[in-house]
Amino acid sequence: MSFNPLEYLFGDKASDQVVPPRGGAAWLTGFASAAMAFIAVFALTLSLAVERLADYWALDLARSATVRIVAQEADLAAQTEATLQVLRTTPGVKSAEIIDKAAQLELLEPWLGSSLPADTLPVPQLIDVRLGEPGPDVQSLQLRLSAEAPGAVYNDHSYWRAPVLEASNRLRLMVMISLVLTAVVTVIIVVLSAHNALASNQGIIRTLRLLGAGDSYIARAFVRRITLRATMGAVLGMVLAMIVVLTFPSQPEDGGLLAGLSLSGADFIYPLLVPLLVAISAFAASRLAARYHLHSVT
Amino acid sequence: MISLKNAGFSYGSRAILENVTQELAAGSFHFLTGPSGAGKTTLLKMCYLSLMPDSGKLEIFGQDVTALSREQITQMRRRVGVVHQDCQFLNHLTVRQNIALPLLVAGKNIEDNMDNLEDLLSWVEMDHRADAFPEEISGGERQRLALARAVIMDPDMIVADEPTGNVDWEMGQRLLSLLVELNKMGKTILLATHDLNLIRSIKGQVPASVLRLKDGQLNLAGARL
Ligand SMILES: Nc1ncnc2c1ncn2[C@@H]1O[C@H](COP(=O)(O)OP(=O)(O)O)[C@@H](O)[C@H]1O
Ligand SMILES: [Mg+2]
């Protein structure tokens, strides 16, 4: 005989009328479950945002490199030319462009201000390198550069990429921990609420037993109540969280972390999974609690 | 139907029943009498599988109750209709829903049994109170509700614990005549009461015998009525 949870929950709609409806305490389960679902959806959205942002930065950084040339004024042009020559003949390099002085100063502006004496400031020559897929063989590229242009220093941004990846990994871990904790708390709430409901209906349980109700029938009445209440709460919490996320003011593409706080396409599956997971764990937890409780009392 | 062999029961160290041996034949009508606190309710509880004997043997429908599994006990409880001393209604359900409760917990379809349910309501003259709640009805109505609930599953045996305890003489007679009717349909009746007038009033209706419980002992009292 196969066990069908849907049949168990919805097969006999009258089954839970044997449990008296109770006001206050009963709603706390729904409310707590709504709060947990809200937090879970929010954590998921945040983690998706972090993921997207990390991908964006890591990919962008991975697809470019910079060559910095430090040399005597007289030598600079020749070395720059040699470097460009080397880069443009290296497989895996898409393009190599000189970043002119004005553009460099523009990049520095946020740090140094705009009133810089452009010609007196000793800035190194920079070359922006766009990498293909797969990228160049960095070691042989560096060897060739040091032979042709000793002042050229190749930098593939792995130095900046590592902390971005590290930070996003750490954030992902924290989100996972938060999700696990919300799941644990939800299960605890359900178990406590099942125990409370069973304990406060001792008399009714005894009567039902005498009238020929089996343990599974009685358990089912409680499980049904609690599962439906927790699931309804979770749906409500999920919907509220989604409203908050979807009405989040939109930001330009590079608006940092906040720009990513949105859902699109397949992302919607994750928040929708939250009430489903709540339903499954509420069902399992309340069923276990009820069976345990009913078996310990004769 | 029920067979007790040297059955004993005690609450803690306090013995209530000792070496009780008695047979109740199928289709018989038995009164169980004795002073208050003699253990009538305790004995009935064993008969409707709410308590198990501590010693000796109790067989119901030919099966040793101490050998039954949890599930088998549940199944057997459905074959015994009980009018509990304290009624045991679910106060959040209506009279009609309370009567239907044994069907509900046995997983039976209420719709299929609707005619039966309405017939029962009019048999105990409760049709006009069908949608009231247990706390809104009188003592006599409570007993009739309890009786209707006891017979909804068409049990082989009906156990009633002082059903006439809190009702006037006339209502007591009405309840007794319902039980007599059930007995005439072939159901075994075990009725606890300390009201001797009630016992005497059955004379000429159905053959019945009286079991007297005193000091932990059960004896067949006097002649058959
Ligand atoms: N759950 C219980 N725990 C301890 N003693 C009990 C319990 N139920 C009944 N008794 C005692 O057992 C005795 C028999 O009770 P009961 O069977 O209810 O008697 P009756 O129904 O004949 O009045 C009484 O003295 C009563 O106080
Ligand atoms: Mg009693």
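A:VAL86: net charge of surrounding residues, Cβ under 11 Å, Lys/Arg +1, Asp/Glu -1, itself excluded?
So the surrounding residues net to 0.
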Inset, instruction - On a C-alpha basis, how far is the centre of region B:75-126 from the centre of region A:207-237 in Å? Whole number, if you could? - result: 21
Legend entry - Spatially proximal aspartates and glutamates relative to B:LYS214 (Cα-Cα < 16 Å; intrachain offsets below 8 disregarded): B:GLU18, B:ASP195
Legend entry - Two-decimal Rg to Rh for the protein assembly as shown - Kirkwood Rh, Cα set: 1.36
Legend entry - Kirkwood Rh and Cα Rg combined as Rg over Rh, evaluated for region A:138-228: 1.64
Legend entry - Computed FRET value (nearest 0.05) for B:GLN205 with B:PHE61, which takes r as the C-beta separation and R₀ as 41 Å: 0.95
Legend entry - Set of aspartates and glutamates with alpha-carbon distance to B:LYS184 below 16 Å, sequence-local pairs under 8 removed: B:ASP154, B:ASP156
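What are the semi-axes of the equivalent ellipsoid of chain B, taken as the square roots of 5 times the eigenvalues of the Cα gyration tensor, listed largest first and rounded to whole Å? Walk me through the numbers before you get to the answer.
On the way: eigenvalues 153, 88, 51 Å².
That gives 28, 21, 16 Å for the three semi-axes.
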Legend entry - Counted charge near A:SER193, where neighbours are those whose Cβ lies closer than 12 Å (Asp, Glu -1; Lys, Arg +1): +3
Legend entry - Computed label-point distance, nm, for sites B:PHE133 and A:THR247 using a 7 Å Cα→Cβ extension: 3.9
Legend entry - DSSP bridge pairs, the protein assembly as shown: antiparallel proportion in percent, nearest 5: 65
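Rule-based calculations on the coordinates, nothing more; no lab input. No experiment lies behind these values; they were computed from the predicted model shown. Here Cβ is always computed from backbone atoms with ideal geometry, including for glycine, and neighbour counts include all displayed protein chains.
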